[in-house]
Amino acid sequence: MRAALIVFVLTTACSPCLVFAMQSPAEDAPTPIAAPTGPADLLQPSLNEVQQTVAALKLDRWKKGTVRDEAGSNISAIQRDLQETLPPLLKTADASPSAISKVLPVSRNIDALYDVLVHVFEAARVSAPGDQVGQLQQAMGSLEKARVAFGNRLQDTATAQEKQIVDLRTSLQTQTARAAAPPPPAPTCGRCA
């Protein structure tokens, strides 16, 4: 009977310690960041549309002059970017879609591509036949939608990573505080002594 009483007292006195020790470490674990699909999945359809539209432009049907010449240079730059510069950037970003340092160059390139496409569109409004202006406007609208969606995804990824850093910092501070706290006093039993 005396042994049962000792077990009961020790169990009652130590149960808060056991509950504390049995707490799941998941309570302090940071929220993991879900790996998003690659930037190419989001951007490629509109990039294909831009490439097809720009390739189909017939500058010989535009009014002659400096506007057409400048548009020709811009069209060449767009095609070079779509064929040479952007594919390796997309490949690198797709390999690490949640790494902001890998995805940000794609964002900057898409922004620059869009700016040049706007210049071509403005030139087309002055010099090109209406059907080409409409095609450019459609391709530009498609790229703009993809660019905004891509920017929103980039923002969401950055926000999730910041939250993860805050969660990790909080978890580390909590664990450091627990480790630095003095251990709970050993249970004392008035009858045991």
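The values are calculated or read from the model by the stated rules, or taken from the named source; none is laboratory data. Quick caveat, the model's predicted, so the values are computed rather than measured. When we count neighbours, we look across all protein chains shown, and the Cβ atoms used for this are built from the backbone with ideal geometry, even at glycine. These area figures cover heavy atoms from the full protein model, side chains too; ligands, DNA and RNA do not enter into them. Shrake-Rupley method; radii C 1.70, N 1.55, O 1.52, S 1.80 Å.
Summary of values
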{"read-out": "For a label point 7 Å along the Cα-to-beta-carbon line of residue 58, residues of segment 119-137 with backbone N under 14 Å", "value": "128-133"}
{"read-out": "Per residue accessible area in Å² of segment 55-116, where ligands, DNA and RNA are left out and the probe is 1.4 Å", "value": "57 Å²"}
{"read-out": "Order of exposure, largest accessible area first, which applies to 104, 57 with probe 1.4 Å", "value": "104, 57"}
{"read-out": "Rough spin-label spacing in nm, given labels placed 7 Å along Cα→Cβ, for residue 73 and residue 171", "value": "5.4 nm"}
